[in-house]
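For reference, the structure discussed in these notes is given below.
What follows draws every value from the coordinates through simple rules; no lab data is involved. Values in this document were obtained by computation on a predicted structure and should not be read as measured data. Here the Cβ is made from the backbone with ideal geometry for all residues, glycine too, and neighbour counts use every protein chain on show.
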Amino acid sequence: MKNCLIFFSLLIIAIVSCQNDKNIAVIEGQIFGKKFDSLDYTIVTNEGIYLGFRNTIPVDSNGQFNIKVPVPNGISFFTMLISREQGTLVIERRQIYKVVFDFNKNENIFTVHGLNEEGQNYYNTLPNPAFINLSKLIKEFKTYTTAVEIAGNINARKSKEMDKFKLLLDENEISKSFYNFIEADRDCYYSSLTVAIARSRFLNLFPDDIDFYPTDLKDIWSSTYIQYPPNSEEYMSTRWWLEYVENYLFFVDCMNEEFSAESYIKLFEENKIHTHHLSIAKTHFSDDMLKFYSAYYIWNNAFQKMNEKELIALYNEFDNKFLNNIYSPYINPFIEPVREFYRKIENEKKQNIKFVDDYLQINTINECLDIFKGKPVFIDVWATWCSPCLVEFREKDKFQDLLKENGYELLYISIDKDGDDDKWKTLIDEYNLSYGFHIRASKNLFNDLIQLFGNGSSVTIPWYMIINSNGNITVKHAAKPSNIEELRVQLSNN
């Protein structure tokens, strides 16, 4: 009872404070069932919200928290994150919302009390950008072969949701402004799903058979953008706009008469793909849209921790173009490690890296093993663009010690293409992979690896193999270096 009195006292204070600031919404929260020291929440800007741009506030010993949020556009989405749970609100100026995270429950942990609470709580049962990727949803549509079938299914899903909101509106449980805001969000979500399905069918044909892309799918892809324009400020304020416009920019690019699969692949090989994507955005968006989308794009790709040098220049350009923007403080912590990555490359002496002579003339795994006659070998197949591969390099010290203990040579085989030769050598130096030998696979060697892997047309990396002293593969899919104990057993049993 004491805690409740404290909570409602704070709520009364918040109401008075909120009334004194016309642009502020107040969220008063209570957490039950678990103890937390802090909670994250998305910042609200003129453009919209994105989960990558968020702040942290303390939670007191009673599980209570208080957030005052400026709402520059009068109405906005607002998301709170704690542990693996998330709650989203539609907030409006001069309003006070009471929210509860109750970890004693198995479902519906987050609930809202206050303005439009019936609609708020229903909305939190719908697909959530943080926990759902539209590319996963498209699997549900595999049985639908025509655009008519796809559109029919999507419209049925959308109607079912909006009927619920329309009923709440008719019963005066939600306001008209709330209904309109949610309607725009659902329009953007289902438009995103539609174009994601169309794009996936296109990519299934890429790069060899794109000329056979069905006309009806192309039509539904383009007509969706006409009916629900991606450059609409109404949709920019929704939680699905960023994914929607990402598919839009891909569509604009691929449907350009000058587009070719070869040129697109070349952009990847030359490490210019991000610059290309943002250059398209510049021609289709207003400055505010470009600022928001560019901030998201750079943050999202830097967050992947692939150490892409291209992102440094793009971030610098963004920061200079949009001076004193609100997003740079959230992006820079992910760009700085990339800068440091390349600083170390420039400042440190080259390690004693051993490259196999004439490695591009090597056509088979057996030829690779010729330099190790009479010695057991551990093979690591990797690529510079493979994040899990790079993560495993962090385990190299214990891993290499284990190989030495068991008398193994080490051979790294990269499946990078010619355009990534410099990046390949740079990463070898950065991760100090000086123990062992290095090969970048020729086309023939890569084909031999495919046949050996046995998957028909590709390999999955990182991929590890154990070769005995007779040159025979004894473990075709060995444990990862991070699974050191399992690997220890495999090596000792070889």
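Of note:
- Added length on full extension, which subtracts the Cα-Cα distance from 0.36 nm per residue, THR56 to ASP163: 34.9 nm
- Lys, Arg +1 and Asp, Glu -1 on Cβ, resulting dipole of segment 26-177 about Cα centre, debye, nearest 20: 340
- Projected label distance in nm at PHE32 and LEU137, using a 7 Å step from Cα toward the beta-carbon: 3.2
- Amide H contacts under 5 Å for ALA478, placed H, 5+ residues apart: TYR464, MET465, ILE466
- Projecting the Cα atoms of ASN104, LEU433, LEU39 onto the dipole axis of the chain, where Lys and Arg carry +1 and Asp and Glu carry -1 at the beta carbon, places ASN104 farthest toward the positive end.
- Highest average packing first - 412-419, 36-43, Cβ atoms within 10 Å: 412-419, 36-43
- Full-extension gain in nm, ASP211 to THR125, via 0.36 nm per residue minus C-alpha separation: 26.9 nm
- Label selected from [x] 193; [y] 161; [z] 284, the criterion being volume of the Cα convex hull per residue in Å³ as computed here: [x]
- Rounded to the nearest 20, the size of the Cβ-charge dipole of the chain about its Cα centre is 1160 debye, with Lys and Arg at +1 and Asp and Glu at -1.
- Our coupling estimate for segment 487-494, obtained by passing each phi through the Karplus curve with A = 6.51, B = -1.76, C = 1.60 and θ = phi - 60°, is 5, 4, 5, 4, 5, 6, 8, 6 Hz, Gly and Pro reported as x.
- Note on VAL356, VAL148: ascending count of other Cβ atoms within 10 Å places them as VAL148, VAL356, the fewest first.
- Legend: calculated FRET efficiency, ASN468 to ILE345, from the Cβ-Cβ distance at R0 = 51 Å, rounded to 0.05, equals 0.90.
- ASN324 paired with PHE103, simple spin-label distance in nm, labels 7 Å along Cα-to-beta-carbon: 4.1
- In this calculation the C-beta distance from GLU270 to ASP358 is compared with R0 = 30 Å, giving a FRET efficiency of 0.75.
- The chain, helix-only ellipticity at 222 nm - DSSP H runs n ≥ 4, -39,500 (n - 2.57), divided by all residues, nearest 500: -15000 deg cm²/dmol
- Neighbour counting of Cβ atoms within 10 Å sorts the residues THR146, THR88, THR426, fewest neighbours leading, into THR146, THR426, THR88.
- Antiparallel DSSP beta bridges within the chain, as percent of all bridges there, nearest 5: 65
- When you filter the GluC sites (Glu not before Pro) in segment 329-417 for DSSP loop state and at most 11 other Cβ atoms inside 10 Å of their Cβ, you are left with GLU348.
- Three principal axis extents describe the C-alpha atoms of segment 351-469; from largest down they are 35, 31, 27 Å.
- Applying 0.36 nm per residue to the separation of ASN155 and LYS68 and subtracting their alpha-carbon distance, the gain on full extension is 27.6 nm.
- Karplus-derived 3J(HN,Hα), 6.51/-1.76/1.60, for each residue of segment 420-436, Hz, glycine and proline x: 9, 4, 5, 5, 4, 5, 5, 5, 4, 5, 4, 8, 6, 8, 7, 8, x
- Burial ordering of TYR189, TYR359, TYR431, fewest other beta-carbon atoms within 10 Å first: TYR431, TYR359, TYR189
- Positive-end residue, the chain charge dipole about Cα centroid, Cβ charges, pick of SER414, GLN490, VAL252: GLN490
- With an a/c value of 1.5 or above and a/b larger than b/c for the gyration tensor axes a ≥ b ≥ c computed over the alpha-carbon atoms, segment 274-347 is described as prolate.
- Nearest 10 degrees, 0 to 90: helix 328-347 Cα axis against the chain principal axis: 20
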